[in-house]
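Okay, structure first, notes after.
The values are calculated or read from the model by the stated rules, or taken from the named source; none is laboratory data. Please read all numbers here as calculations on a predicted model, not as lab measurements. Cβ placement follows ideal geometry from the backbone for every residue including glycine, while neighbour counts extend to all protein chains displayed. All accessible areas refer to the heavy atoms of the entire protein, side chains included, with ligands and DNA or RNA removed. Shrake-Rupley method; radii C 1.70, N 1.55, O 1.52, S 1.80 Å.
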Amino acid sequence: MPPTTPDDVPPESLAELMEFDPDPRTVWRPQELSAVFRALLETPVRLELGKVGAAAVEQDGGADALEQPLRPVTFADLLHGPAPSLAVLRLVKEFAKSARHDAESHLPTEVASALYCLSIVAGGLRCGRLITSMDDRDLRRNVEWALARPWIDDASRALLREAQVRLFGGPGGLPGHRS
Amino acid sequence: MSGESGSNSFCSFPTTQWTAIGHAGGGEGDAARRALGQLLTRYLPAMRAHLVLERRISRDAAADVLQGFVAGHVLEKNLVAQADRARGKFRTFLLTALNHYLWHRARHDGALSRSPGPGRHVPLDHHAAALPDGQPGSDAFDVAWAREVVREALSRMRAECERSKRPGLWALFEGRVVAPALEGTEPLAYEQMAGRFGFHSLSQATNALVTAKRMYGRCLRAVVAEYAGGDGEVEEELRHLKQILAGARAGSGSRRAT
């Protein structure tokens, strides 16, 4: 079948080809955020953090934590693992924070916000340190916001629920203690 | 316009629209005839759309009108030579001239019908051809014109990808943006993109998509810049065409719907 040409389509469909929004954060459609987030989790952390991040990892002594004998550490390994490197979690948090405000970031803002929240929660639960200056109330709101995202994967959802219980005394509970 | 248009086909936008208009209106000679031919090839679909969809003239009558307009006005009276960039868009000028021709012809046909004789052309419905006040605006004309602009921008982007040996970039743009818009297919999903183009990370895939979209944006702007004035006019024209396409009534310019 010959390719469709602009002659054959309704004008409103053609209007889409009059748009060329160059903002990388809007490349992915809302219904694709699940796949985007899953892809991010499967990506080696070192690959996403780039040269600056990799250098910082070396300085912070987290380089070893990023490599395992068989394959590099992914975001999923880091966020869902039992003993993540706090130094690397810090870098991921900063990476996510800057991605939220950077018009050139390739991460959709919502995905960056979820990553930001998850890195803080993982630090609090697995390393005993909350790597944020946010107060408990704001952090709890962030956790609730992330939990409400339909595209959050099961393992991340479990981590956020655990945070609700262990850091805040349950969903909607009073601000709890900081580990 | 720079010489990067890849105008290697008869239907390509001529090298700088207004320069081509100048050549076309320049009188005799092969170059003038060639430039005029290119201009007419580019604008005929929009004029036909205006006559059929906006003025509700049958396709046969529209073909007859266009033939008469081109022969009697464009060629015989060297209409293009009267176009003046300072007075606005060329397509508005052309549309105004076409509407005037239509009006005069309808009056002439009316006179003929009152004194029947051997008809030389398909008679027009006087009401369909009547000129509305402030007549230059025509959605069908602009929609058809927008189709030409998009077609040319896509063609240039494809050519640029081939020239720079990046066929994958075109394939990505086609699968992600063009086919969904033109064929209603689902855009390529991230997993499909990763499998087909070998992306190893989200950032690679995102960067490739952004690169493709920016390249298309440049092509689109370059096409519009050939007939619009400065940057401000280019942006205004893009906004106008987008509004026209987004707000066009069903059937006003969609050949699929007619």
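One table, with the values for the structure above:
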| item | result |
| --- | --- |
| Inter-chain shielding of B:199-208 (mean C-beta neighbours from other protein chains, 10 Å cut-off) | 6 |
| Amide hydrogen neighbours beyond the local backbone of B:Leu188, cut-off 5 Å, H modeled | B:Arg176 |
| Ordering of B:239-245, A:145-151 by packing [mean C-beta count within 10 Å, highest first] | B:239-245, A:145-151 |
| Additional length obtainable on full extension of the chain from B:Thr19 to B:Asp84, 0.36 nm per residue less Cα span | 22.2 nm |
| Cβ crowding within 10 Å averaged over residues, with B:34-47, B:73-86 ranked highest first | B:34-47, B:73-86 |
| Accessible surface of A:His101 - all protein chains present, 1.4 Å probe, nearest 10 Å² | 140 |
| Number of partner chain Cβ atoms within 10 Å, mean per residue of B:149-162 | 2 |
| Heavy atoms of B:Val210 accessible to a 1.4 Å probe, total area in Å² rounded to 10 | 10 |
| Backbone HN-Hα couplings from phi across the range A:154-165 [Karplus 6.51/-1.76/1.60, Hz, Gly and Pro as x] | 5, 5, 5, 4, 5, 5, 5, 5, 4, 5, 4, 6 |
| Efficiency of FRET between B:Arg33 and A:Asp23 - r from beta-carbon atoms, R0 30 angstrom, step 0.05 | 0.05 |
| For A:Val27, distant residues with modelled amide H under 5 Å away | none |
| Peptide A:37-48 - average C-beta neighbours from other chains (10 Å radius) | 3 |
| Long-range HN-HN contacts of A:Thr74 with modeled amide H, under 5 Å | A:Val45 |
| Potential lengthening between B:Arg239 and B:Arg214 on full extension [0.36 nm per residue; Cα-Cα distance subtracted] | 7.3 nm |
